[in-house]
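Values in this text are rule-based calculations from the coordinates and carry no lab data. Being a predicted model, the structure only gives us computed values, none of them experimental. All Cβ positions, even for glycine, are placed from backbone atoms using ideal geometry, and neighbour counts span all protein chains on display.
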Amino acid sequence: MLPPFLIMLREGIEAALITGIVATYLRQTGRSQWMPAVWIGVFLAVAMSLFVGTGLQLVSAEFPQKTQELFEALVGVVAVAVLVSMVFWMRKAARSIKSELHDSIDAALAKHSSGTWALIGIVFFAVAREGLESIFFLLAIFQQSTGPAAPIGALLGVAVAVCVGLAIYAGGVRLNLHRFFRWTGIFILFVAAGLLSSSVKHLHEAGIWNGLQTHAFDLSAVLPVSSLIGTILSGVFSYEEAPTVGEVIIYLGFLAATLTLFLWPMAPSREVLTHSTTQSDSHA
């Protein structure tokens with residue numbers, strides 16, 4: 001339940017943050033009459049994401065066993081790709097997303113003949129990005145999990161994200177977004193590593209990958225998957241009590257590369273450098 005909850009919480013807050021920035025800017029600039037276009041964009045993005053997710057789930061149900069394993073492996077790889085891109089995109093874009101959205105809105109509404117459609121498009125593509133990322137992740141999780149825990153966790157994450165988004169828009173909550181996205185980003189990279197190693201297992205079961213299949217270690221006597229802690233670790237991080245050498249190499253190699261890049265200090269953005277230079281000139 002925890003991974004889908006945190007992923008949907010993060011994705012939901014990202015979508016709510018983008019929508020809130022657009023709505024607040026329209027309100028502050030006296031253009032609240034354009035708000036229906038914002039909600040249309042949100043509705044269309046959510047509807048498209050649900051349609052794509054439902055379609056993929058229905059199609060995959062008709063596959064034979066080996067094709068099903070291959071499909072689950074491919075979905076896992078795609079989910080890892082979108083999760084990593086989400087983490088690194090927000091790490092980079094968080095500094096300038098507000099000003100970029102403001103510029104896009106001004107440019108869209110400057111064209112009176114097509115302003116409505118342009119504004120719908122801005123919100124649609126921003127929210128659809130988060131929605132499609134969520135769909136591929138949830139498909140990968142739902143294929144590895146049984147029972148209602150994962151769907152309930154996802155729904156709770158969305159519900160909490162909506163509440164946080166409304167609170168941020170109303171000005172009642174000030175969330176430390178930098179710290180929030182940093183820690184959830186680290187957690188997501190661990191989840192992604194587990195999904196990627198599970199994809200290697202699915203590729204083997206599909207008959208595509210047969211290398212490095214020797215068991216690296218066996219913790220079944222110490223921490224079996226059937227135990228309470230083992231079940232939690234399996235559900236959150238795709239823990240295996242007896243992983244193969246290939247799965248361990250993929251897991252550790254992925255984490256080593258992505259965590260190093262994610263935690264590496266970013267160079268100051270051009271806006272920060274310009275602001276610092278302006279302050280130094282004023283003091284001089």
* Answer with one residue from Leu101, Leu138, Gly194: the one whose Cα lies farthest towards the positive end of the charge dipole of the range 2-268, charges on Cβ with Lys, Arg +1 and Asp, Glu -1. => Leu101
* To do: Provide the FRET efficiency to the nearest 0.05 for the Thr214-Asp103 pair, computing r from the beta carbons and using R0 = 41 Å.
  => 0.15
* Structure fact -> Residue separation between Cys163 and Gln57 times 0.36 nm, minus their alpha-carbon distance, gives in nm 35.3 nm
* Karplus (6.51, -1.76, 1.60) ³J(HN,Hα), θ = phi - 60°, over the range 39-53, in Hz, Gly and Pro reported as x -> 5, 5, x, 5, 4, 5, 5, 5, 4, 5, 4, 5, 5, 5, x
* Structure fact -> Least to most buried among Thr19, Thr231, by other C-beta atoms within 10 Å and fewest first, runs Thr231, Thr19
* So who's got an amide H within less than 5 Å of the one on Thr244, skipping anything under 5 residues away but keeping other chains? H placed 1.01 Å off N, in plane. -> Ala216
* Asked: Which ³J(HN,Hα) values, rounded to whole Hz and listed in residue order, are derived for the range 207-219 from phi using the Karplus coefficients 6.51, -1.76 and 1.60 in 6.51 cos²θ - 1.76 cosθ + 1.60 with θ = phi - 60°, glycine and proline given as x?
  -> x, 8, 10, 10, x, 6, 9, 5, 5, 6, 6, 9, 9
* Cα centre as origin, Lys/Arg/Asp/Glu Cβ charges: the range 2-268 dipole, Debye -> 1080
